[in-house]
Amino acid sequence: MLNKAHISKIKPMSDEWMLARRGKLTSSENHFLVSDKFMTTGCRSYLFRKVGEMLTNVTASSGDLNIEATIHGLMYEAEAVQKFAQVYGFKYIICQQLIAIPGTKYGSTPDGIIVMNESLDEQMYNVRTVEVKCPMTYANFIILTTCKTPQDLKAENREYYWQVLDQMDNCDSMHGYFIAYHPDFKAGNFHVIEFRKMQPEGVEQGKPVKFPISKDLAFLKGRKKMASDKMDEVYLDLCSRQAV
């Protein structure tokens, strides 16, 4: 369950939001952590960039930000979440709020957090996460609609798959949703893939076998711990050196 205190009230994309994410391992980029080898070139660059943010208190760009695509996504993501809530009957969704776990280097901003219920002490929410992608091109949108399962999405776009899993991890959620949306399509403009932590890969002799999402979540947790430890190592090494 998600601790209510971990849900910020910071406006997304604001200066305060950028500041709160500095030095944090975030869901949109944690795909760098989960290659077969740990310290790949991409992973090393990612971790060192985050260490640099810790030492300078200045947000560093990843260098691959597509401004036009980002603006397009921000325009339509909220619309997609509203449609999703209507279709599925969800009444209470927290939209685009940063989840930052105190004392860790982990952070996440799901497009939606569905509140199912709260704990008896009213300190925790039982939640489901929502991630929306609004591709600008017709081909990129249709490609996502061909994915019917989380495993299909992993094969087609591993970055999106690991982003959903990391959001589920940060929110301690058993369920997550991936939505592809294109506002211009007159039919088939809305596609949903449900992630369930204990979602089986198949059935054998009438019994579900394998739980790849659960295994991948455990793998991701381990890699995030390794990444956090590596960042501490590099940070402490640099702090031990005198500035000139």
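The values are calculated or read from the model by the stated rules, or taken from the named source; none is laboratory data. Everything quoted here is computed from the prediction, not taken from an experiment. All Cβ positions, even for glycine, are placed from backbone atoms using ideal geometry, and neighbour counts span all protein chains on display.
Structure notes:
- Residue check for residue 64: at pLDDT below 90 and of a type in the set (Asp, Glu): yes
- Extreme residue, surrounded by the most Cβ atoms within 10 Å (Cβ to Cβ), among residues of region 98-123 that are farther than 19 Å from residue 166 by Cα and either in contact with a helix residue (DSSP H, G or I) (Cβ under 7 Å, 6 or more places away or on another chain) or hydroxyl-bearing (Ser, Thr, Tyr) (or both): 119
- Among the residues of region 1-45, those that are within 18 Å of residue 163 (Cα to Cα) and free of Cβ contacts under 8 Å to residues at least 12 places away in the same chain comprise 35, 36, 42.
- Qualifying positions in region 20-41 - closer than 23 Å to residue 168 by Cα and in a helix (DSSP H, G or I): 20, 21, 30, 31, 32, 33
- Number of the exception - residue 103 against (1) more than 28 Å from residue 155 (Cα to Cα); (2) assigned to a helix (DSSP H, G or I): (2)
- Number of residues in region 119-130 that are without any contact (Cβ under 8 Å) to a residue 60 or more places away in the chain and either among the hydroxyl-bearing types (Ser, Thr, Tyr) or closer than 20 Å to residue 95 by Cβ (or both) equals 3.
- Against the list (1) within 30 Å of residue 86 (Cβ to Cβ); (2) out of contact with any Leu (no Cβ under 7 Å at 6 or more places or on another chain); (3) surrounded by fewer than 20 Cβ atoms within 10 Å (Cβ to Cβ); (4) touching a residue at least 60 places away in the same chain (Cβ under 8 Å), the condition residue 172 fails is (2).
- Selection status of residue 113, of a type in the set (A, V, I, L, M) and within 18 Å of the chain's Cα centre (by Cα): yes
- Region 154-192, residues that are of a type in the set (A, V, I, L, M, F, W, C) and either in a loop (DSSP other than H, G, I, E, B) or within 16 Å of residue 214 (Cα to Cα) (or both): 162, 164, 165, 168, 171, 174, 185, 187
- Meets criteria (touching a strand residue (DSSP E or B) at 6+ places or on another chain (Cβ under 9 Å), among the hydroxyl-bearing types (Ser, Thr, Tyr) and free of Cβ contacts under 8 Å to residues at least 24 places away in the same chain) for residue 92: yes
So that you can scan it fast, the table gives a plain yes or no per residue for (1) of a type outside the set (Lys, Arg); (2) at pLDDT 95 or above; (3) over 17 Å from residue 29 (Cβ atoms):
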site	(1), (2), (3)
145	yes, yes, yes
159	yes, yes, no
165	yes, yes, no
169	yes, yes, no
176	yes, yes, yes
195	yes, yes, yes
203	yes, no, yes
231	yes, yes, no
243	yes, no, yes
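- Residue 178 falls short on exactly one of the conditions (1) over 20 Å from the mean Cα position of the chain (by Cα); (2) surrounded by 14 or more Cβ atoms within 10 Å (Cβ to Cβ), and that condition is (1).
- Among the residues of region 124-153, just one is part of a strand (DSSP E or B) and more than 19 Å from the chain's Cα centre (by Cα), namely 124.
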